[in-house]
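Have a look at the structure below before the remarks.
The values are calculated or read from the model by the stated rules, or taken from the named source; none is laboratory data. What you see is a predicted model, and the numbers here were worked out from it, not measured in a lab. Here the Cβ is made from the backbone with ideal geometry for all residues, glycine too, and neighbour counts use every protein chain on show. Heads up: the accessible areas ignore ligands, DNA and RNA and are worked out on the full protein's heavy atoms, side chains in. Shrake-Rupley method; radii C 1.70, N 1.55, O 1.52, S 1.80 Å.
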Amino acid sequence: MTKARIPGPLAATLGGVALILAWWLFSLLVFQQQEGTTFTPVPSPYAVFDWLFVQGNIAGAWSVFQPTITAAAIGYLWGNGIALVLATFVLVFPRTETVITQIAVVTYCLPIVAVGGISVVVLGGAKNPGDPSATAIFLAALVCVFTTVVGAILGFKSADKASLDVVRVYGGGAWTQLRKVRLIAALPAILNALQIAVPTAFLGAVLGEYLGSITAGVGPTLIRLQGQLDSAGVWSVFLLCAVFALAAYGLFGLVIKLVTPWVAGVSGVGGKAS
């Protein structure tokens with residue numbers, strides 16, 4: 001007898017309501033406003049709603065997020081492009097797998113704050129107000145490399161050996177195997193790695209902006225709000241970051257279902273689920 005499962009949208013709604021309720025209780029009972037001040041480290045959900053919609057700060061959200069989103073997108077393309085090239089290089093030259101994997105691990109293990117400090121000195125920030133930060137682009141690219149390299153290599157290795165032998169028998173080399181067999185077999189794993197890299201790249205861009213040398217973006221906005229002890233503003237910006245990251249992650253998941261319907265058990269357009 002199979003157990004009834006809660007539908008995904010309903011589960012997400014219930015989880016969101018539970019988080020908001022827990023947040024409200026913490027702000028009310030644990031992090032109470034100190035006597036004689038108007039500051040509280042954890043504002044109530046209503047205080048965040050008031051800051052965003054009643055005070056109208058949501059109207060300027062795009063001008064705050066536009067440089068960060070641009071930097072994250074550029075870094076996402078560079079980081080994942082380099083990672084896919086490295087993974088493909090491993091297929092053509094298998095003996096380089098250890099070296100390539102170690103390079104990917106190093107990019108993952110490097111302390112991003114220290115790397116960011118060096119990149120601010122070397123690369124600088126934004127050339128003009130409103131432009132994306134070079135440091136933010138670099139960190140967004142850096143944090144994408146590891147997951148995409150590992151995911152792509154594992155995906156390429158998941159190719160069916162019998163299909164590879166068929167290509168080899170008919171005179172195909174490594175590149176033919178890559179195009180005809182390995183790429184199709186690796187597509188789900190590659191797309192999953194690229195999906196994980198979406199919020200990761202955004203986080204890297206925010207950290208890059210947070211290190212300075214830029215006047216517009218999420219990073220300098222958070223620094224300004226923290227200096228003003230505007231806890232409602234800080235929480236509002238963080239929540240908007242979470243909403244954007246979740247939305248981008250979810251949209252990429254829909255793309256994966258459309259591009260690789262066989263993974264989700266769908267036979268294709270007009271077909272039936274398997």
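Need one value: the accessible area of ASP165 in square angstrom, 1.4 angstrom probe, rounded to the nearest 10.
Answer for ASP165: close to 70 Å² accessible.
Could you give the size of the charge dipole of the chain about its Cα centre, using +1 on the Cβ of each K and R and -1 on the Cβ of each D and E, expressed in debye and rounded to the nearest 20?
Result for the chain is approximately 1180 debye, rounded to the nearest 20.
Given the -39500 (n - 2.57) contribution per DSSP H run of 4+ residues, what per-residue ellipticity at 222 nm results for the chain, rounded to the nearest 500 deg cm²/dmol?
Values: 11 runs with 184 residues, N = 274.
For the chain, the value works out to -22500 deg cm²/dmol.
What translational diffusion coefficient, to the nearest whole µm²/s, does the range 134-274 have by Stokes-Einstein, given a Kirkwood radius computed over alpha-carbon pairs, a temperature of 10 °C and 1.306 mPa s viscosity?
Working: Rh = 17.9 Å.
The calculation lands on 88 µm²/s.
At what distance in nm do the modelled label points of LEU28 and ARG179 sit from each other, each positioned 7 Å from its Cα along Cα→Cβ?
6.5
Tell me the label-point distance for the pair ALA11, ALA242, using the 7 Å Cα-to-Cβ offset, in nm and rounded to one decimal.
Once both label points are built, they end up 1.9 nm from each other.
Return the Rg/Rh ratio of the range 4-145 with Cα-based radii and a Kirkwood Rh. Mind dumping the intermediate values first?
Working: Rg = 22.0 Å, Rh = 19.6 Å.
When Rh is taken as the Kirkwood radius, the ratio is 1.13.
In the full protein assembly as shown, how much of PHE26 is accessible to a 1.4 Å probe, in Å² to the nearest 10?
110
Please report the base-10 log of the normalised intensity I(q)/I(0) for the range 11-87, using a Debye sum with one equal scatterer per alpha carbon and no solvent, at each q in 0.12, 0.23, 0.26 (1/Å).
After summing over all Cα pairs, the log10 values are -0.64, -1.02, -1.09.
Using the 2.2 N^0.38 Å rule of thumb for compact globular proteins, work out how the range 105-207 stacks up: its C-alpha Rg over that value, please. Numbers along the way, then the final one.
Details: Rg = 18.6 Å, N = 103, 2.2 N^0.38 = 12.8 Å.
With N residues counted in the range 105-207, Rg over 2.2 N^0.38 Å equals 1.45.
Counting only pairs 8 or more residues apart or on different chains, how many lysine pairs in the range 116-274 have their Cα atoms under 27 Å apart?
7
Rolling a 1.4 Å sphere over the protein heavy atoms, what is the accessible area per residue of the range 42-191, to the nearest Å²? Present the calculation step by step, with values, prior to reporting the outcome.
On the way: 8110 Å² over 150 residues.
About 54 Å² of surface per residue is accessible.
So how far apart, in nm, are the two label points at PHE49 and ALA18 if each is 7 Å from Cα heading toward Cβ?
2.2
Under 5 Å between amide hydrogens, which residues at least 5 positions from THR260 or on another chain qualify, with H placed 1.01 Å from N in the peptide plane?
Distant-sequence amide H within range of THR260: zero hits.
In what order, largest first, do LYS257, LYS161 sit by accessible area if the probe radius is 1.4 Å? Kindly include the intermediate steps, with their values, before the conclusion.
Values: LYS257 130, LYS161 155 Å².
Of LYS257, LYS161, the descending order of accessible area is LYS161, LYS257.
Hey, what do the phi angles of the range 249-255 turn into as Karplus ³J(HN,Hα) couplings, whole Hz, using 6.51/-1.76/1.60 and θ = phi - 60°, x for Gly and Pro?
4, x, 5, 5, x, 5, 4
Just one of [x] 54; [y] 59; [z] 45 is percent of Cα pairs over 27 Å apart as worked out from the coordinates here. Which one is it?
[x]
Which of ILE184, THR13, LEU25 sits closest to the plus end of the dipole of the chain, meaning its Cα is farthest towards the positive end, when Lys and Arg get +1 and Asp and Glu get -1 on the C-beta?
ILE184
For the range 210-265, with equal point scatterers placed on the C-alpha atoms only and solvent neglected, what are the log10 I(q)/I(0) values from the Debye formula at q = 0.25 1/Å, to two decimals?
So the normalised log intensities are -0.95.
Using a 1.4 Å probe on the protein heavy atoms, what percent of the accessible area of the chain belongs to carbon and sulfur? Provide the component values of the computation, followed by the final result.
Values: 11590 of 16290 Å².
After summing per-atom areas, the C and S share lands at 71 percent.
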